[in-house]
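The values are calculated or read from the model by the stated rules, or taken from the named source; none is laboratory data. For clarity, every value in this text was computed on a predicted model and none was experimentally measured. Here the Cβ positions follow ideal geometry from the backbone for every residue, glycine too, while neighbour counts run over all protein chains shown.
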Ligand SMILES: [Zn+2]
């Protein structure tokens with residue numbers, strides 16, 4: 001299901017444009033804004049754990065008010081979150097949230113950085129987090145980010161002194177930043193990045209605190225603030241027509257998958273930064289106090305500063321190209337500076353400002369959106385100078401496609417468009433364009449990135465560059481433009497998409513988890529998709545030993561790129577309980593292909609093509625069940641009904657309006673979906689009917705609800721009190737408290753084996769108190785926490801059974817965890 005979101009596209013601060021693949025078209029005000037940033041030589045790095053942790057007010061303030069080079073280092077890509085805009089979860093959600101962060105930074109003017117840490121889900125304590133992440137690797141990535149970006153100040157979102165009080169990832173991000181501050185200036189620590197980027201010592205480290213961290217505004221008002229720096233961030237930017245709070249909200253609203261749409265505010269807004277390390281800033285409210293942020297920071301920089309101050313002062317909003325002669329003088333001077341970090345940064349910035357001032361438009365457009373390696377594609381370039389500045393296009397060059405070499409010194413007169421087509425030929429780019437961090441399987445806690453130059457990079461940019469070699473008023477200047485694809489949509493108009501290199505063939509099994517609840521074979525369709533015209537070959541289905549697949553291979557033949565062909569294999573499970581993966585392998589000539597292509601298309605982020613291992617989990621479960629017809633009352637949404645159908649139950653969805661005593665009689669058991677009592681208000685009025693159903697001999701199973709705003713007495717026929725107890729370690733020990741209870745013995749005998757290989761967590765929001773009629777079945781706890789006994793509560797009520805469980809069946813069943821299926825079947829079998 002897709003919720004279309006209204007486009008909310010403000011072209012802000014647009015030397016970098018809205019979508020990475022779209023050309024920038026900055027206004028005079030935006031050019032002026034960039035010019036002001038050109039004259040500030042200071043950098044700030046904000047550090048937290050997830051996409052959406054960042055305080056966009058502070059990032060926008062640093063970038064637009066202070067005009068510092070500002071970046072947000074998010075340790076993870078947010079794979080573990082929920083998705084409010086579509087069905088993508090886990091690594092695909094990480095792809096969406098990576099792009100949401102990039103969209104946020106294009107809005108607030110910051111840059112985006114990452115580490116290889118994977119958001120594996122909730123963790124209570126940094127000890128657990130740093131156990132699952134490779135602490136040393138994540139710390140080395142933080143060190144790398146600091147040495148590469150070279151911030152003067154670092155700001156942590158979270159408090160490094162608060163283990164256990166917030167998400168373990170949050171505290172870990174602050175702890176790693178706190179440690180890294182003392183390592184980055186020492187060449188013997190992580191010598192590899194010291195060698196690559198040089199050592200670097202930031203001047204100071206802050207913690208971006210707020211009243212929230214003090215428990216209440218009242219506590220915060222009373223707190224000692226001598227160590228806090230107050231910063232007024234509520235500026236209004238006339239050249240942009242927006243307040244800092246408004247930009248921050250536009251940026252925050254990019255986190256659409258998390259439902260973080262935000263309404264802008266105007267007026268004063270104070271941020272508090274607690275000083276942690278380095279030199280305390282003596283000037284009130286100046287985070288950069290004591291840091292030279294002018295051109296005199298650089299040896300030989302003084303005359304550049306004088307010149308660029310004049311450019312800023314004389315800037316003509318009706319004719320930005322009037323600034324070009326002095327900008328070119330400054331460009332010459334910057335080029336002569338000794339090699340160094342700021343030289344590289346400012347040379348790139350001034351080049352882009354010169355192009356913007358002349359209205360120079362350069363673009364390279366492919367004839368196809370995708371191409372297979374060595375496929376055919378045509379690339380057309382457009383170059384136009386919309387100023388009176390003298391300009392010549394000397395040559396165009398690309399490593400992936402050839403242009404006619406007759407092109408020499410073509411003048412670009414005022415407002416006359418020049419275009420040139422590539423010599424039609426084989427495209428020589430061979431590396432696939434899909435998200436690089438997913439190309440190899442990592443661990444639960446870490447992405448695997450073999451190419452060190454990609455570590456920390458949000459995505460591969462400029463993968464297929466075309467270089468335009470220009471002479472601008474006598475200076476040799478070159479610009480790179482990545483090849484893009486665009487088309488005209490009759491409704492939307494001009495639509496840009498990334499130009500991509502993708503495999504010539506991909507395959508997919510639609511169902512990612514296939515449950516075999518008996519010894520019967522299943523027919524499994526495999527979809528083969530062509531990435532080029534006229535392709536044929538064979539498909540085999542790799543499988544775990546003991547499983548039987550027929551036929552041994554299928555052949556396929558597809559005439560058009562983008563078309564699909566489905567082939568069907570029969571899969572027979574082994575006799576005993578077993579699970580593993582089946583993986584299609586496609587052979588074309590002597591090449592083999594084993595990836596699936598998944599595309600992601602939302603309005604607020606660029607179109608994404610993702611390559612994942614093509615596979616499906618097959619699980620043969622030794623399972624018995626009693627009863628057949630299950631009624632399902634939906635809550636916030638889960639895939640339990642599909643899972644129950646996979647093991648042979650008949651499942652009927654019951655709408656709240658259909659909950660009548662008469663209608664409920666037909667069901668052998670009724671299951672209520674996750675957070676139903678939080679999300680379906682009508683349930684409050686249907687309790688009598690549900691209670692009667694149980695009283696007359698039915699089985700009612702409630703899954704977890706959250707305690708917020710919940711009147712506990714209204715949950716089911718017997719009172720219980722929800723707590724915030726959760727067990728987040730999916731491998732935590734389970735103690736069987738009621739070994740003789742029917743739910744652990746019939747029809748399936750539940751043993752410790754059934755609690756193996758659970759995913760993500762054991763469960764959440766367990767009741768903390770309950771009616772004596774309940775029997776607690778299982779005890780469990782996370783390392784260092786007391787045992788909880790409320791994860792599975794079963795009671796006899798009248799002639800029937802009432803079950804309340806916070807166990808995460810909604811995660812375990814879709815993931816194909818055998819023990820979870822066996823236990824769930826026992827719960828449903830209770831009354832039968
Ligand atoms: Zn977070």
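Values computed for the structure shown
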| item | result |
| --- | --- |
| Cross-chain or 6+ apart pairs with Cβ under 6 Å, region 157-170 first and in contact (Cβ under 8 Å) with a residue 24 or more places away in the chain and at positive phi, then more than 9 Å from the ligand (Cβ to nearest atom) and part of a loop (DSSP other than H, G, I, E, B) | 164/125 |
| Number of the exception - residue 376 against (1) surrounded by 18 or more Cβ atoms within 10 Å (Cβ to Cβ); (2) out of contact with any helix residue (DSSP H, G or I) (no Cβ under 6 Å at 6 or more places or on another chain) | (1) |
| Within region 66-76, tally of residues that are touching a helix residue (DSSP H, G or I) at 6+ places or on another chain (Cβ under 6 Å), touching a residue at least 60 places away in the same chain (Cβ under 8 Å) and more than 16 Å from the ligand (Cβ to nearest atom) | 2 |
| Residue count, region 660-683 (criterion: in contact with a strand residue (DSSP E or B) (Cβ under 7 Å, 6 or more places away or on another chain) and farther than 17 Å from residue 829 by Cα) | 2 |
| Enumeration of residues in region 175-207 that are more than 29 Å from residue 451 (Cβ to Cβ) and either crowded, with 22+ Cβ neighbours inside 10 Å or within 16 Å of the ligand (Cβ to nearest atom) (or both) | 204, 205, 206, 207 |
| Residue check, residue 592 without any contact (Cβ under 8 Å) to a residue 24 or more places away in the chain, under 31 Å from the mean Cα position of the chain (by Cα) and assigned to a strand (DSSP E or B) | yes |
| Residue in region 332-346 that is buried (at least 22 other Cβ atoms within 10 Å of the Cβ) and in a helix (DSSP H, G or I) present | yes |
| Candidate set from region 77-112 (those that are in contact with a strand residue (DSSP E or B) (Cβ under 7 Å, 6 or more places away or on another chain) and within 16 Å of the ligand (Cβ to nearest atom)); member that is nearest to residue 636 (Cα to Cα) | 96 |
| Some residue of region 694-709 being touching a strand residue (DSSP E or B) at 6+ places or on another chain (Cβ under 7 Å), surrounded by fewer than 20 Cβ atoms within 10 Å (Cβ to Cβ) and under 30 Å from residue 122 (Cα atoms) | yes |
| Selection count, region 666-721, where residues are part of a helix (DSSP H, G or I) and under 30 Å from the mean Cα position of the chain (by Cα) | 4 |
| Lone unmet requirement of (1) in contact with a helix residue (DSSP H, G or I) (Cβ under 6 Å, 6 or more places away or on another chain); (2) within 16 Å of the ligand (Cβ to nearest atom); (3) part of a helix (DSSP H, G or I) for residue 247 | (2) |
| Which numbered condition residue 456 misses (of (1) part of a loop (DSSP other than H, G, I, E, B); (2) at pLDDT 95 or above; (3) closer than 19 Å to residue 502 by Cβ) | (3) |
| Residue in region 406-419 that is buried (at least 18 other Cβ atoms within 10 Å of the Cβ) and either part of a strand (DSSP E or B) or modelled with pLDDT of 95 or more (or both) present | yes |
| Number of the condition not met by residue 462 [criteria: (1) more than 30 Å from residue 136 (Cβ to Cβ); (2) in contact with a strand residue (DSSP E or B) (Cβ under 6 Å, 6 or more places away or on another chain); (3) surrounded by 13 or more Cβ atoms within 10 Å (Cβ to Cβ)] | (3) |
| Top-ranked residue of region 47-62 - restricted to ones that are closer than 23 Å to residue 234 by Cβ and in contact with a helix residue (DSSP H, G or I) (Cβ under 6 Å, 6 or more places away or on another chain), ranked as farthest from the ligand (Cβ to nearest atom) | 61 |
| Given (1) touching a helix residue (DSSP H, G or I) at 6+ places or on another chain (Cβ under 7 Å); (2) surrounded by fewer than 24 Cβ atoms within 10 Å (Cβ to Cβ), index of the condition residue 113 fails | (2) |
| Residue 601 being surrounded by fewer than 21 Cβ atoms within 10 Å (Cβ to Cβ) and within 27 Å of the chain's Cα centre (by Cα) | yes |
| Residues satisfying the stated conditions in region 739-756, i.e. surrounded by fewer than 17 Cβ atoms within 10 Å (Cβ to Cβ) and touching a strand residue (DSSP E or B) at 6+ places or on another chain (Cβ under 8 Å) | 752 |
| Inter-residue pairs, beta-carbon under 7 Å, first over 25 Å from residue 129 (Cα atoms) and at pLDDT 95 or above and in region 34-62, second within 16 Å of the ligand (Cβ to nearest atom) and assigned to a strand (DSSP E or B), 6+ apart | 44/155; 58/46; 58/155; 58/208; 59/46; 59/72 |
| Unique match (being buried (at least 17 other Cβ atoms within 10 Å of the Cβ) and farther than 20 Å from residue 61 by Cβ) among 298, 273 | 298 |
| Selection within region 291-314 - over 37 Å from the mean Cα position of the chain (by Cα) and outside any helix (DSSP H, G or I) | 298, 299, 300, 301 |
| Selection from region 746-782 of residues that are closer than 16 Å to residue 622 by Cα and without any contact (Cβ under 8 Å) to a residue 12 or more places away in the chain | 749, 751 |
| Single residue of 155, 142, 138 found to be away from the ligand (no atom under 16 Å from the Cβ) and either within 20 Å of the chain's Cα centre (by Cα) or surrounded by 20 or more Cβ atoms within 10 Å (Cβ to Cβ) (or both) | 142 |
